[in-house]
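Below is one structure, written out as structure tokens, with a few remarks after it.
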Amino acid sequence: MEAERRGAGMSLEDPVIVTCSISGAVANREQCAAIPYTPEEYAAEARRIVDEGGAMIHIHARTPEGVPSYEIEDFRAITQAILAEVDDVIINYSTGAIGVSLDKRVEYLRALKPDVAALNMGSMNYAKYSKSRKAFVFGAVFENSFETITTLLTAMNEEGIRPEHECFDSGHIANLDPLLDMGILHEPLQVSCVMGVTGGIRPTAKNLAHMSEQIPPVSHNWGVIGVSRKQWGLVAASLALGGNVRVGLEDNFYLPDGEMARSNGDLIAKAAELVRDTGRRVATVAEAREMLGTPKREVAGVKV
Amino acid sequence: MSFEDPVIITGAISGAIANRDQCPAIPYTPEEYAAEARRIVDEGGSMIHIHARTRDGVPSCEVEDFRAITQAILAEVDDVIINYSTGSVGVTLLGKRTISLDQRVEPLRVLKPDVATLNMGSINFAKYSYSRKGFVFDVIAENSFETITTLLTAMNEAGIRAEHECFDSGHMANLDPLLDMGLLHEPLQISCVMGVTGGIRPTAQNLAHLCEQIPPVKHNWGVIGVSRKQWGLVAASLALGGNVRVGLEDNLYLPNGEIARSNGDLIAKAADLVRDTGRRVATVAEAREMLATPKREVAGVKP
């Protein structure tokens, strides 16, 4: 019965998993004072996230000075501080990076075994364009070859970590096909449509519907990750289409009315309100664990 | 474009990945390119998309190889739109060497083809075998915005029209900043490339989705279907009002599963489909008019 309900992907009847991208790696505190740097700050933000209805926290590590970090020790300290503060929450690590070796990214997964880890599903340009300056602010090639993808995926499978497939374009979803054929994906899949990065698909509600239709016909959960202030329209679209949502200071600092968030809690509270206003229900952490197939277990050395 | 427009048929004459063991009709020498060009034009092709090769068939980005091939083609046929590839995947994969951006720009500056392709983003470019359950090859086709604007600037300076090759939805969106920068000149020429592992799935619905992503400026568009799924995509493009590309680079087989004896076979079949969907094949002159590429000196060959 459970399998049957999940067979066709998600429906409007499913509770909504609200994920929070707590810190990111690109923005800093000059742009938004609420971005956490120290483990204690991560923990205080995690408390606000969980109190407002967040069930999963997506983590980019930083040193206590705020510098993006890929060191095991920084991931460990942040994760332990969060899990000491909140009862339960699904721990999700980023694995995406431009200019950080693959070994390094595999290392912290193996050492700390988060519940979930993000897996970028293809290569693309990753840029920011300024219309006022009529120039690119930055432009890089975000490299995620199939070799990189299968290496990360194999490590995740070996450590019992569930991959969250981050798809920035239609073809990134198609890239699931060979992996399914190779037997290295385990249902239910967890698919996120990332929209709003220059280089990826345009962030429109129609394109989100298109993206969600590209997901292979296997059991899965899916949601949207909207980058920039266009996020809120995409959150609404995802909720209407039956998807999950991610908000948080990594993706967008601003509330729909244009005010800057004072914490991740503000963003999660607003997302939860939208969930209820579209006639859906926010998933508890326990429900989210059930939906995603991530039973509570030891993470970063913190016993259950 | 509309359904009333004549259809520009492009022949992808040789490609850079397949070889003659796979299909004996693939041209290697300039003389062979010229003979294939003759068949393409006779059957209704108005543009020829060229990857250069050395006489032994090895993919090449050398000016001399492009020149010899282009001159041989233009000596053989009255007129045809000359379109150069600027992609590097074939040379990287089979030439077993990396190729710099300068090397990709050089044939453009020196030979000034009518049109040159411009890959509109980075993607994984792979081939997966369902029977072997493994990747046959897996590379990253790197086309950063810096690469794109460098190639585009060279094209603009040499009066070459850009054919924007889009392998995914985001590649269409990548036109937006270039339009804003004033680097693009209407009418745009946009090709939806479908069937490469790493890009968008090759379905008719996805082609309709892709053509809806084209910015609202004056443009021509068409489909480049890779692999045998090409024929369904050709039909979809014709029904949607688009142009089509076929040729030995993209697919060696006719709809009935027979291997093509030449590019001419593929162009003839595409022209059949054009007529059978109630449309009309564009002449070279019409195609030049639509794409805004008046006849001019190319590779030193005077008009």
Exercise for the section: Scan the stretch A:245-283 for residues that are in contact with a Lys or Arg (Cβ under 7 Å, 6 or more places away or on another chain) and within 14 Å of A:MET56 (Cα to Cα) and report the count. Expected result: 2
Handout entry: Residues of the stretch B:150-165 that turn out to be within 14 Å of chain A (Cβ to nearest Cβ) and over 19 Å from the mean Cα position of the chain (by Cα), as a count
Key = 2
Handout entry: Residue check, A:PRO256 under 21 Å from A:ASP87 (Cα atoms) and either of a type outside the set (Gly, Ala, Ser) or touching a Phe, Trp or Tyr at 6+ places or on another chain (Cβ under 7 Å) (or both)
Key = no
Problem - Residue match in the stretch A:50-67 (condition: out of contact with any Gly (no Cβ under 8 Å at 6 or more places or on another chain), assigned to a helix (DSSP H, G or I) and at negative phi) - result: yes
Exercise for the section: Count, please, the residues in the stretch A:188-208 that happen to be assigned to a loop (DSSP other than H, G, I, E, B), surrounded by fewer than 21 Cβ atoms within 10 Å (Cβ to Cβ) and more than 18 Å from the chain's Cα centre (by Cα). Expected result: 2
Completion exercise
Going through (1) surrounded by fewer than 17 Cβ atoms within 10 Å (Cβ to Cβ); (2) assigned to a loop (DSSP other than H, G, I, E, B) one by one, A:PRO114 fails only at (1)
Problem - Candidate set: the stretch A:168-187, residues that are closer than 18 Å to B:VAL196 by Cα and touching a helix residue (DSSP H, G or I) at 6+ places or on another chain (Cβ under 6 Å); chosen: the one surrounded by the fewest Cβ atoms within 10 Å (Cβ to Cβ) - result: A:SER170
Problem - Selection from the stretch B:8-21 of residues that are under 16 Å from B:ASN83 (Cβ atoms) and not polar (S, T, N, Q) - result: B:ILE8, B:ILE9, B:GLY11, B:ALA12, B:ILE13, B:GLY15, B:ALA16
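Look at the stretch B:281-303 and say how many of its residues are touching a residue at least 12 places away in the same chain (Cβ under 8 Å) and assigned to a helix (DSSP H, G or I). Give the derivation first.
Quick first cut of the stretch B:281-303, residues touching a residue at least 12 places away in the same chain (Cβ under 8 Å) only: B:281-288, B:290-293, B:295-301.
If we keep only those that are assigned to a helix (DSSP H, G or I) too, we end up with B:284-288, B:290-291.
Matching residues across the stretch B:281-303 total 7.
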Handout entry: Subset of the stretch A:98-121 [on the phi > 0 side of the Ramachandran plot and either of a type in the set (Phe, Trp, Tyr) or in contact (Cβ under 8 Å) with a residue 24 or more places away in the chain (or both)]
Key = A:LYS113
Fill in the blank from the handout: Within the stretch B:118-139, restricting to residues that are among the charged types (D, E, K, R) and within 7 Å of another protein chain (Cβ to nearest Cβ), the one that is surrounded by the fewest Cβ atoms within 10 Å (Cβ to Cβ) is B:LYS133
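Every number here is computed from the coordinates shown, using simple stated rules; none is lab data. Since we're looking at a predicted model, the values are computed, not measured. Cβ: placed from backbone, ideal geometry, glycine included. Neighbour counts: every protein chain shown.
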